[in-house]
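Written out below as C-alpha cells is the structure these notes cover.
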Amino acid sequence: MPVLVYIESENKMFKKAALEVASYGRAVANTLNTSLSAVVFNTEDCSQLADYGVDKVLTVNHSNGFNAKVYADVIAQAALKESANVIVLSSSADSRYLAPILAVGLKAGYVPNVVELPKTQPFSVKRTAFSNKAFCETQITTEVKIIGLSNNAFGLIEHPTSLQSEAFSPQITSSDISVEKVDKATDKVSIADAETVVSAGRGLKGPENWNMIEELADVLGAATACSKPVSDLGWRPHSEHVGQTGKPVASNLYIAIGISGAIQHLAGINSSKVKVVINTDPEAPFFKAADYGIVGDAFEVVPKLIEKLKTFKAQNS
Amino acid sequence: MKILVCISHVPDTTSKINFTNDNTAFDTNGVQFVINPNDEFGLTRAMWFKEKQNATVDVVNVGGPETESTLRKALAIGADAAFRINTTPTDGYAVAKELSKVAVDGNYDLIIAGRESIDYNGGMVPGMMAAELGASFVNNCISLEIDGTNATAVREIDGGKETLSSTLPLVIGGQKGLVEESDLKIPNMRGIMMARKKPLTVLEPAQQQTCTSSVKFEKPAPKGAIKMVDADNIDELIDLLHNEAKVI
Ligand SMILES: Cc1cc2nc3c(=O)[nH]c(=O)nc-3n(C[C@H](O)[C@H](O)[C@H](O)COP(=O)(O)OP(=O)(O)OC[C@H]3O[C@@H](n4cnc5c(N)ncnc54)[C@H](O)[C@@H]3O)c2cc1C
Ligand SMILES: Nc1ncnc2c1ncn2[C@@H]1O[C@H](COP(=O)(O)O)[C@@H](O)[C@H]1O
C-alpha cells in the first residue's frame, strides 16, 4: 500500500512546497516499507519528481483549473486506485481547502501543520497547535490517514528513483462553484512560497515609507509582509498581515523592521527559521524572539542594508 | 435567509499556553476565553445580512457549559438565538458532524465558520461540514455577497485572490476582510441586557465519532540568545546571515 502525495504545480512547474511533500512522502514510504505514488494535474513533464523519490506518477488533465471539490474527488479516486492509506499534502491555500473534503470522502483522519515524520504503532504525528505556541502529538486512528505538512518543516531531500508515469482519467463530477475571476500578481513571490520575508510595522510611520521595504525585498527576492495595525490602518493590503490572526510565516529568513514583537505577531512567525529585528527601542519584545538584532533607526539602517546587500549580491553571483 | 454562525471558544490571543496532567491537557487556569477572531469577522458579516437583508442569525458552539459566556457575547452582538451542543470536542471531524446535524435540522441557507480556530488551528471544520452537507464551500473567504439564492464570494489564494460564484446552501471558512477590523462590534449595555432574554438551547450530542486524538503537548524549546549587531556594522550582519545562518 503505497504512500500517495498530491503534487501542486503552477504554470507547469512544481511548487517548492510540493517537492517538499514528495521528499516527506518518500521518507514516510521508507518507514512503512512501501513505494511512493503521486498525483499531478495539468503538467506533462514530471521528470523532476524522480529526483525526490516518487516511484509512480498519475497524471491528470483537467483544463478547468483548480476546484477544491473536484480535486478532492480526483485525489480520492487516485488513493483508491493505488490502495494508498497515507496521503500527504502541503499547507498551501489550495491544499488546505481540499483536504477536509478529501478526509470526509475517504473517511480519513486529517492532521494539518505536521512538522515531523510520523511514528508508527500507533500512528501519530507531531503538529503545531495554539498558533505555534505549542506542539501536539496527535494519533490518527482511521485506516486512511491524511497528513498536511507544514511549509518548510522538512526540507527538500533528493532521492533518485526510476519514475513511472501513467495517464489517469478519473471520473470528474460537475462542480457547484465556478471561478469568475483570478487576481494574482505574477511578478511577486507570495508569503506562503517565499524563502525570505521582509516585514514592517508601525515604526515605519506611514505608507509612503514602504519604498525601502519593497526595495529590500526586491534585493533579497523576498515577499513583503506587515503587522496587523499596518493593515488595519490601510497602509498595506490585508493579504500582507502576518501573525496569529493573519497569515503564518514559515520562511528561512524573516526580517522585522519597526515591529515591536507583540505575542500575537510572534505566534504567527515563530516557525520561521532565522529572525532578524531592526528597532529603535532596545527593550522591544522582538529582541527576545530573534536571532540577530540591530538597535537603530529603520530610516538609516534599511537604506544601508540595501546598499550592502547589492554589493554582496554583485560579489557572490 | 437563515444563517448559522459557528463560534469557537478560544483562549484570548495574549494567553500564555500551558499544559497539565503530564502535558496531556490544556491548562485553562487564568486563561481568558473569547470568540475565535475569524468567527468574529463572520458574525459581524452575518449582522450586516440581518440588518440589510432581513436574515435571521443563529450561533452554535460544540462545547461544555463554560462556553456559554462566549455564546452570550455573540447574542449581545446581535445574534437571535444560540445553541450549545453539550460535549467537549475531541477532534475537528466530531465537531463538524455535530454542527452538520444542527445545520440540517435548522435548514440553514448559509453557514459561516472561521478559516481556522486559533487554538487547534485545524482549518478543517467548515470544509468537513460542507462535505457532510453536500453544500458548496468557499475557504479563506474575504468577501461575501448574497443575492436571492446566489452567492458571490472572494477567497484568498497564495499571492492573490479568486472570485467565485455558487448557489445556496453555502458554507464558508471566513476571515478578516469579510468585514473591516473597525466594523467589529463591542457589545453595548442594551445588547447585553437583551442577550439575557434570548434563547440559548442546550442540545445533547448525536454521535461521538473521532478520527484523531491529541495525545501529548509540548512547548517549543527555549530560544538561544540573540546576537546583536551594531547599526554601523551592517557588513557583520550580512556576514552572519551568509556564513553562520546560511540564509542569504
Ligand atoms: C485579538 C488580537 C489579535 C492580534 N493579531 C495580530 C496579528 O496577527 N499580527 C500582528 O502583527 N499583530 C496582532 N495584534 C496586534 C498586536 O497586539 C500589536 O498591537 C501589533 O503587533 C503591533 O504592531 P507594530 O509592532 O507594527 O506596532 P507598535 O507596537 O506600535 O510597534 C512599533 C515599533 O516600531 C519601533 N519603531 C518606531 N520607530 C522606529 C524607527 N524609526 N525604526 C525602527 N523601529 C522603530 C518602536 O520601537 C516599536 O517597537 C493583535 C491584537 C489583538 C488584540
Ligand atoms: N467547538 C466548536 N464549536 C463551534 N464551531 C466550531 C468549533 N470548533 C471549530 N468551529 C468552527 O470551525 C472553524 C474552524 O475551526 P478548526 O477547524 O478547528 O480550525 C472555527 O473558526 C469555527 O467557526
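The values are calculated or read from the model by the stated rules, or taken from the named source; none is laboratory data. Please read all numbers here as calculations on a predicted model, not as lab measurements. Cβ: placed from backbone, ideal geometry, glycine included. Neighbour counts: every protein chain shown.
Going through region A:269-317 one residue at a time, which ones are of a type in the set (Asp, Glu), surrounded by fewer than 22 Cβ atoms within 10 Å (Cβ to Cβ) and farther than 11 Å from B:ALA231 by Cβ?
Hits for region A:269-317 are A:ASP281, A:GLU283, A:GLU307.
Just the residues that are more than 17 Å from the chain's Cα centre (by Cα) and more than 8 Å from chain B (Cβ to nearest Cβ), please, taken from region A:174-198.
Matches in region A:174-198: A:SER174, A:SER175, A:THR186, A:ASP187.
Out of A:ALA250, A:ALA223, A:ALA256, which single residue is in the same structural domain as A:VAL277 (by TED's automatic domain parsing), crowded, with 23+ Cβ neighbours inside 10 Å, away from ligand 1 (no atom under 13 Å from the Cβ) and without any contact (Cβ under 8 Å) to a residue 60 or more places away in the chain?
A:ALA223
Within region A:226-243, which residues are near ligand 1 (Cβ under 6 Å from one of its atoms) and assigned to a helix (DSSP H, G or I)?
Within region A:226-243, A:LYS228, A:PRO229, A:VAL230 meet the criteria.
Under 30 Å from A:SER90 (Cβ atoms) and more than 8 Å from chain B (Cβ to nearest Cβ), is that true of A:SER260?
no
Test B:PHE26 against the stated conditions and say whether it is more than 14 Å from chain A (Cβ to nearest Cβ), away from ligand 1 (no atom under 16 Å from the Cβ) and not basic (Lys, Arg).
No; evaluated as a whole, the condition is false for this residue.
For B:ASP12, state whether it is within 14 Å of another protein chain (Cβ to nearest Cβ), over 30 Å from B:ALA151 (Cα atoms), of a type in the set (D, E, K, R) and more than 16 Å from ligand 1 (Cβ to nearest atom).
No.
Filter region B:1-57 down to the residues that are in a loop (DSSP other than H, G, I, E, B) and either within 13 Å of ligand 2 (Cβ to nearest atom) or small (Gly, Ala, Ser) (or both) and list them by number.
Listed by number, the residues that qualify are B:ILE7, B:SER8, B:SER15, B:GLY30, B:ASN36, B:ALA55.
For region A:280-296, which positions are more than 8 Å from chain B (Cβ to nearest Cβ) and within 20 Å of B:ASP235 (Cβ to Cβ)?
none
What residue, of A:ASP94, A:ASP45, A:ASP73, is more than 9 Å from chain B (Cβ to nearest Cβ), part of a helix (DSSP H, G or I) and not aliphatic (A, V, I, L, M)?
A:ASP73
From (1) within 15 Å of ligand 2 (Cβ to nearest atom); (2) in contact (Cβ under 8 Å) with a residue 60 or more places away in the chain; (3) part of a strand (DSSP E or B), pick out the condition that doesn't hold for B:VAL138.
Checking B:VAL138 against (1) within 15 Å of ligand 2 (Cβ to nearest atom); (2) in contact (Cβ under 8 Å) with a residue 60 or more places away in the chain; (3) part of a strand (DSSP E or B), the one that fails is (2).
With respect to the numbered conditions (1) more than 25 Å from B:ALA153 (Cβ to Cβ); (2) within 16 Å of ligand 1 (Cβ to nearest atom); (3) among the charged types (D, E, K, R), which one is the sole condition not fulfilled by B:ASP91?
Every listed condition holds for B:ASP91 apart from (2).
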